[in-house]
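Presented below is the structure to which this report refers.
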Amino acid sequence: MRYDEWQAGLPDDIKGDSLWKLEVYRLGLFIADIAWQDALALGKTPRTRDLADQLYRAVCSISANIAEGYSRSTGKDRARFLEYSLGSAREARDWYYKSRHTLKEEVIKHRISLLTQIIKMLSVLTPHQRQKGIREEQAVYETSPQPSSFNLDSEIPLP
């Protein structure tokens with residue numbers, strides 16, 4: 001499966017929300033979806049079962065916090081949730097590194113690269129939102145950094 005195939009399979013209700021215009025949200029939702037298989041692979045061994053749980057919780061928290069923050073009325077509130085998301089992205093990257101003994105090297109490289117892209121995007125959005133004083137519907141996605149440099153056209157490596 002590729003990123004564009006993944007997007008095509010999503011419900012229109014998700015893609016029709018104005019939140020969908022925010023690339024960092026799309027990438028966060030994408031990594032949560034592909035991390036499911038990684039968590040299943042890690043969960044097969046007692047030694048890595050807890051790692052699987054922590055990893056999956058951190059990955060799922062990225063897009064969830066972006067979604068919650070996007071609905072807040074002030075830039076300060078939005079920034080707080082973007083910070084939570086940033087922390088979760090860094091945590092997930094840490095857990096992926098620690099899972100390198102179980103998951104394939106290409107999987108680890110892919111996930112860490114994607115998470116690094118998300119971290120870079122959130123690092124730009126967060127301070128900008130903190131400076132916003134009033135709610136502006138376009139505020140979050142108008143300030144998005146350059147489009148992702150992550151290769152979204154490649155096949156997604158499996159665990």
Simple SL model, points at 7 angstrom along Cα→Cβ for Asp53 and Ser113; separation in nm is 3.2 nm
In debye to the nearest 20, the charge dipole size for the chain, taken about the Cα centre with +1 at each Lys and Arg Cβ and -1 at each Asp and Glu Cβ, equals 640 debye
On the formula 1/(1 + (r/R0)^6), with r taken between the Cβ atoms of Lys98 and Ser123 and R0 of 30 Å, the FRET efficiency rounded to 0.05 is 0.85
Magnitude of the Cβ-charge dipole (Lys and Arg +1, Asp and Glu -1) of region 15-65 about the Cα centre, nearest 20 debye, reported as 60 debye
Expressed as a percent, the accessible surface of region 90-131 that is carbon or sulfur, using a 1.4 Å probe and the full set of protein chains, is 50 percent
With only helices counted (DSSP H, runs n ≥ 4, each -39500 (n - 2.57)), the per-residue ellipticity at 222 nm for the chain, to the nearest 500, works out to -22500 deg cm²/dmol
Sorted by chain and then number, the residues having a modelled amide H within less than 5 Å of the amide H of Leu152, at least 5 places away or on another chain, are none
Using alpha-carbon coordinates alone, the radius of gyration and Dmax of the chain in Å work out to 15.6, 49
Checked against the positive end of the charge dipole of the chain (+1 on Cβ of Lys and Arg, -1 on Cβ of Asp and Glu, about the Cα centre), the farthest of Ser63, Ser18, Ile156 is Ser63
If the label point sits 7 Å along Cα→Cβ of Leu10, residues of region 55-90 with amide N under 14 Å come out as 62-68
Treating only Lys and Arg (+1) and Asp and Glu (-1) as charged, each at its beta carbon, one finds that region 26-103 has a dipole about its Cα centre, in Debye to the nearest 20, of 120 debye
Lys pairs in the chain with Cα under 30 Å (8 or more apart in sequence, or on separate chains) total 18
The answer for region 1-55, accessible area per residue at 1.4 Å probe in Å², is 54 Å²
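The values are calculated or read from the model by the stated rules, or taken from the named source; none is laboratory data. Note that this is a predicted model, so its numbers are computed, not measured. Neighbour counts are summed over all protein chains in view; Cβ atoms, including those assigned to glycine, are modelled from backbone coordinates with ideal geometry. Please note that ligands, DNA and RNA were not included when accessible areas were found on the heavy atoms of the full protein model with its side chains. Shrake-Rupley method; radii C 1.70, N 1.55, O 1.52, S 1.80 Å.
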